[in-house]
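Following: one structure in structure tokens, then a few remarks.
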There are 2 protein chains.
Amino acid sequence: MPAYGRSAEGSGGVRMRDVAERAGVSRMTVSRALNEPDKVKPKLRRQVLEAVESLGYVHNHLARSLSSKRSNVIGLVLPSLENSIFALTVKGISDVLRPAGYQLMLTESADDPEDEERVISSFLAQRVGGLILHATTHSPTALRMLRASGTPVVENGDLPEEPVDMVVSYSNRGAAKAMTMHLARLGYRKIAFAGLARNPRANERQRGYLEALVELGHGDEPKRLIDVSRGFGGGAEAVAYIAANLPDTDALFCAGDVLAVGALFECKRRDWDVPGRLAIASFDDLDLMRHVIPAITSLRLERYEIGRRSAEMLLAQINNGDVPIRTIDLGYEIVQRASA
Amino acid sequence: MPAYGRSAEGSGGVRMRDVAERAGVSRMTVSRALNEPDKVKPKLRRQVLEAVESLGYVHNHLARSLSSKRSNVIGLVLPSLENSIFALTVKGISDVLRPAGYQLMLTESADDPEDEERVISSFLAQRVGGLILHATTHSPTALRMLRASGTPVVENGDLPEEPVDMVVSYSNRGAAKAMTMHLARLGYRKIAFAGLARNPRANERQRGYLEALVELGHGDEPKRLIDVSRGFGGGAEAVAYIAANLPDTDALFCAGDVLAVGALFECKRRDWDVPGRLAIASFDDLDLMRHVIPAITSLRLERYEIGRRSAEMLLAQINNGDVPIRTIDLGYEIVQRASA
DNA sequence: TTGTAAGCGTTATCAG
DNA sequence: CTGATAACGCTTACAA
């Protein structure tokens, strides 16, 4: 037996030919009535639709895609579902895809190259019509597979130097640099940075932070880089580390919102005034940021637009095959709040 | 042209027959080497795998599923991706599915029957091998489609009276009732309930809350039901409503964690002591609950287990077709913290 | 506008 | 253990 198991014999086993018989037309007329209704006379169309209804026929997309070499499925690879920041991007994608008759297939793949490879390979085996990847670092094998497949791809998580195909994103490096400069402008002088070591996007953010320090003339001062674990606990770790090892730090820039909130709570526990004792700034702009007390200064990214534009580009590529502008930088915005 | 557009011609256009030629075997041997390696002599198997590798062949699951009437894709319908509570369930599902060679297709469908119908129909058209639905209320059409398809289904969001097929869940009603009784046991007498009006699961929670009040002998007192909007803002609305209309309320039970946190923040803004002025309890147990100050008393559900067991049941049904116990109640646990 | 015939790329089946 | 052949259910291409 194969690795995969038995499944339904397809909805009730009603095929297009059954519908055709019932409606008194040929299979092709049924096919047309379903896919290109305009090409079938209203009367026959009605007959077909009635037959479909009464037989409970469900169009077989497997057969359709195999035969037509087209697919109405778009694959999306997200780094994680735990982080609700992606929800907006998914919504942006869906809002474009759905009216166009496409369906979104979503998979998560921790920022692990092997995992991504497996997921991409699976999507390609499924012959998806296009792929949206919320990641810009891929294994050589993954790259080879993607290129060989000829499948349209949009990358999302960052602005890569060598895109696979199309890109809709913002610059993690640029955004982090801007926020660091912003903190400096607010008067903070000893700015620390906390992030997850294993995340490529967090790494880029760290680079941006370091670039800003150099530009500010703090390049020679001892580094204030803090590697933390994920979740709220990571933010607490950062504050604890500052208390123990970098007590003169006056601002903490967190590579993610959850870290920032964790840091804020830890400050409260230690009775540290925010931003008096320690200012806090973060990346992304979860709804939570403006509700905590004090509200946290953060970087807002166009999460919804990223999704919408990605889907639009993908469809344009699939349908016209001609997308002149293949990289879109949607930028970022600093949202100034009470925490810094 | 069809509603859906052009797509890749399938990875490089390399077919199984090309692999077969290259390896000097028949297509069937290639098929076996890929699906049931044990049934092919090591030597031929190696030849095939080498040919696959050198040609960059990607197995066409469309054709495989069409021909075999099996599918290695499982569809999952979640109410929303904004709520990270589902991340754990997804992980539980993936952990079972992946090693079994299955792939998860995820879609979101707000608790809107029409939307769910469209999504289910799409999955059935895709001829998925099984379906996991995080919802227990379905439109008649959806039910008919599901039943007619014969596709194995697991429902997750609640314990329905008339399951479609299999169920792995907890009782929203039971859990809410238990929490309300718990609050009463802690000495609270004027317990309010806040939830989203349009959510079937929140409705069941409300029922449980009301049942508890009756059992406590508070059935005749004026109701303290508060309909709020979603997000942190909803929690704030609840507190504002209490301040304006139900000032003697001593405890607030929120149908969701985000509401509870929003309520907590609003209390702080109003300088209300929690739990002194108002106790707060919530449903689900997001990580955030134990990090806010004060930490919030909540109901913990086996989110990971729900996913794991659902996937296991589904696979058992697909492979053996014999799953004696078709409904699993995983219960809930009250996590007592400082907020109540 | 509708129909006919020949695939799409794989696997089930049965023979060797 | 391996191979030949006929599906799987649909659409393309062409003919009427």
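The values are calculated or read from the model by the stated rules, or taken from the named source; none is laboratory data. What you see is a predicted model; the values in this text were computed from it and never measured. Every residue, glycine among them, receives a Cβ derived from its backbone with ideal geometry; neighbour counts consider all protein chains shown.
For segment A:49-80, which positions are more than 10 Å from chain B (Cβ to nearest Cβ) and buried (at least 19 other Cβ atoms within 10 Å of the Cβ)? Before the answer, list the steps.
Taking segment A:49-80 and keeping what is more than 10 Å from chain B (Cβ to nearest Cβ), we get A:49-54, A:77, A:79.
Matches in segment A:49-80: A:Ala51, A:Val52, A:Val77, A:Pro79.
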| field | Any hit, segment B:295-305, residues being of a type in the set (Asp, Glu) and farther than 22 Å from B:Gly174 by Cα | value | no
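Against the condition away from DNA strand D (no atom under 11 Å from the Cβ), touching a Ser or Thr at 6+ places or on another chain (Cβ under 8 Å) and among the acidic types (Asp, Glu), how does B:Asp95 come out, does it pass? It would help to see each step written out before you state the result.
Values: away from DNA strand D (no atom under 11 Å from the Cβ): yes; touching a Ser or Thr at 6+ places or on another chain (Cβ under 8 Å): no; among the acidic types (Asp, Glu): yes.
It is false that B:Asp95 is away from DNA strand D (no atom under 11 Å from the Cβ), touching a Ser or Thr at 6+ places or on another chain (Cβ under 8 Å) and among the acidic types (Asp, Glu).
Rundown of residues vs (1) touching a residue at least 12 places away in the same chain (Cβ under 8 Å); (2) under 20 Å from A:Ser122 (Cβ atoms), yes/no style:
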| position | (1), (2) |
| --- | --- |
| B:Val25 | yes, no |
| B:Pro42 | no, no |
| B:Gln47 | yes, no |
| B:Asn60 | yes, yes |
| B:Ser68 | no, yes |
| B:Leu76 | yes, yes |
| B:Pro99 | no, yes |
| B:Ser109 | yes, no |
| B:Asp112 | no, no |
| task | Taking the residues in segment A:308-340 that are touching a residue at least 24 places away in the same chain (Cβ under 8 Å) and among the polar types (S, T, N, Q) as candidates, determine which candidate is surrounded by the most Cβ atoms within 10 Å (Cβ to Cβ). | result | A:Ser310
| request: Check B:Ile293 against each of (1) under 23 Å from the mean Cα position of the chain (by Cα); (2) of a type outside the set (S, T, N, Q); (3) assigned by TED's automatic domain parsing to the domain that holds B:Lys223 and name the one condition it does not meet. | output: (1)
| note | Scanning segment A:268-307 residue by residue, those buried (at least 17 other Cβ atoms within 10 Å of the Cβ), within 19 Å of A:Leu246 (Cα to Cα) and within 14 Å of chain B (Cβ to nearest Cβ) turn out to be A:Trp272, A:Val274
| request: Return only the number of the condition from (1) within 11 Å of chain B (Cβ to nearest Cβ); (2) within 12 Å of DNA strand C (Cβ to nearest atom); (3) surrounded by fewer than 22 Cβ atoms within 10 Å (Cβ to Cβ) that A:Arg46 does not satisfy. | output: (1)
| Only one of these conditions is not met by B:Ala260: (1) hydrophobic (A, V, I, L, M, F, W, C); (2) without any contact (Cβ under 8 Å) to a residue 24 or more places away in the chain; (3) within 14 Å of chain A (Cβ to nearest Cβ). Which number is it? | (2)
| query | Which ones in segment B:303-340 are closer than 11 Å to B:Met166 by Cβ and either assigned by TED's automatic domain parsing to the domain that holds B:Asp287 or basic (Lys, Arg) (or both)? | reply | B:Arg309, B:Arg326
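Of all residues in segment B:10-38, which are facing another protein chain (nearest Cβ under 10 Å), more than 7 Å from DNA strand C (Cβ to nearest atom) and not in a loop (DSSP other than H, G, I, E, B)? Break it down stepwise before answering.
Pass one, segment B:10-38, residues facing another protein chain (nearest Cβ under 10 Å): B:10-14, B:31-32, B:34-37.
Remaining after also requiring more than 7 Å from DNA strand C (Cβ to nearest atom): B:11-12, B:14, B:32, B:36-37.
Correct list: B:Ser11, B:Gly12, B:Arg32, B:Pro37.
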| Given the structure, is B:Arg201 part of a helix (DSSP H, G or I), under 16 Å from B:Asp158 (Cα atoms), in contact with an Asp or Glu (Cβ under 7 Å, 6 or more places away or on another chain) and in the same structural domain as B:Phe232 (by TED's automatic domain parsing)? | yes
| note | Residues of segment B:50-85 being within 15 Å of DNA strand C (Cβ to nearest atom), under 29 Å from B:Ala311 (Cβ atoms) and of a type in the set (A, V, I, L, M), in sequence order, are B:Val52, B:Val58, B:Leu62, B:Ala63, B:Leu66, B:Val73
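Output the helices (runs of 4 or more DSSP H) that fall wholly within segment A:69-177 and possess 2 or more residues being under 18 Å from B:Leu97 (Cβ atoms), or say none. First the steps, then the outcome.
Values: elements: A:85-97, A:113-125, A:140-149.
Ranges flagged: A:113-125.
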| Unmet requirement for B:Asn83, which otherwise passes all of (1) touching a residue at least 40 places away in the same chain (Cβ under 8 Å); (2) in the same structural domain as B:Asn319 (by TED's automatic domain parsing); (3) surrounded by 23 or more Cβ atoms within 10 Å (Cβ to Cβ) | (3)
| request: Out of B:Ala202, B:Ala175, B:Ala142, B:Ala192, report the one residue that is among the hydrophobic types (A, V, I, L, M, F, W, C), over 20 Å from the mean Cα position of the chain (by Cα) and on the phi < 0 side of the Ramachandran plot. | output: B:Ala192
